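These notes are about the structure you will find just below.
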Amino acid sequence: MNTAHTFVERYLAAWTSNSPEDIARAFTDDVVYRGFPADPDPAIGLEQLVAKWTSWADEPGTWSFDYTVFLEDDQGAVIQAVTTYPAGEKSGVYDNVWLLRFGPDGRVSEFTDYWVQRPKPKSA
């Protein structure tokens, strides 16, 4: 398995559990995590990321996720994904592109999520 797929498995474990230990398995101690490209307040460092992550955590079972590793080399990866929230405040389908930079141990040291919500179908 390559580094990008391993990262996604770790990310999904963290997304499902919202546990600081699972988040730490996916990200380096000095991670820079941007929830969107122009994020004015990125999480810098694992401690900040854990605090932010747990403050906006999704409940398990409230989302689905499908992805393709678009490009990967030793330094990083580009992942194309679709996230679906069938109900709730975030309900909808989101297209994501993740830009990842790997740390020396394979965890992610820099993460930027480019995302857009698809238009919702018009009711009949």
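Laid out as a table, the results:
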{"item": "Hey, V31 over 16 Å from N96 (Cα atoms), in contact (Cβ under 8 Å) with a residue 40 or more places away in the chain, crowded, with 18+ Cβ neighbours inside 10 Å and among the hydrophobic types (A, V, I, L, M, F, W, C) or not", "result": "yes"}
{"item": "Output for the stretch 77-101, where each listed residue is among the small types (G, A, S) and either within 17 Å of F36 (Cβ to Cβ) or over 14 Å from the mean Cα position of the chain (by Cα) (or both)", "result": "A81, A87, G88, S91, G92"}
{"item": "Test: Y33 is within 14 Å of the chain's Cα centre (by Cα), not in a strand (DSSP E or B) and not charged (D, E, K, R)", "result": "no"}
{"item": "Candidate set from the stretch 52-67 (those that are within 13 Å of the chain's Cα centre (by Cα) and more than 22 Å from A24 (Cβ to Cβ)); member that is surrounded by the most Cβ atoms within 10 Å (Cβ to Cβ)", "result": "S64"}
{"item": "Subset of the stretch 34-64 [without any contact (Cβ under 8 Å) to a residue 24 or more places away in the chain and of a type in the set (G, A, S)]", "result": "A38, A43, G45, A51, S55, G61, S64"}
{"item": "Test: W115 is surrounded by 11 or more Cβ atoms within 10 Å (Cβ to Cβ), in contact with a strand residue (DSSP E or B) (Cβ under 6 Å, 6 or more places away or on another chain), free of Cβ contacts under 8 Å to residues at least 40 places away in the same chain and aromatic (F, W, Y)", "result": "no"}
{"item": "Hits in the stretch 34-51 - residues which are surrounded by 15 or more Cβ atoms within 10 Å (Cβ to Cβ) and either over 18 Å from A81 (Cα atoms) or among the β-branched types (V, I, T) (or both)", "result": "P42, A43, G45, L46, Q48, L49, V50"}
{"item": "Residue in the stretch 21-29 that is modelled with pLDDT under 95, among the hydroxyl-bearing types (S, T, Y) and not in a loop (DSSP other than H, G, I, E, B) present", "result": "no"}
{"item": "Strands (runs of 3 or more DSSP E) enclosed by the stretch 41-124 - at least 2 residues per element that are touching a helix residue (DSSP H, G or I) at 6+ places or on another chain (Cβ under 8 Å)", "result": "64-72, 76-85, 92-102"}
{"item": "Inter-residue pairs, beta-carbon under 7 Å, first within 16 Å of A57 (Cα to Cα) and in the stretch 79-96, second not in a strand (DSSP E or B) and not hydroxyl-bearing (S, T, Y), 6+ apart", "result": "T83/W63; T84/W63; Y85/W63"}
{"item": "Which numbered condition V8 fails, given (1) of a type in the set (V, I, T); (2) in contact with a helix residue (DSSP H, G or I) (Cβ under 8 Å, 6 or more places away or on another chain); (3) surrounded by 14 or more Cβ atoms within 10 Å (Cβ to Cβ)", "result": "(2)"}
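The values are calculated or read from the model by the stated rules, or taken from the named source; none is laboratory data. Since this is a predicted model, take the numbers as computed values, not measurements. Cβ: placed from backbone, ideal geometry, glycine included. Neighbour counts: every protein chain shown.
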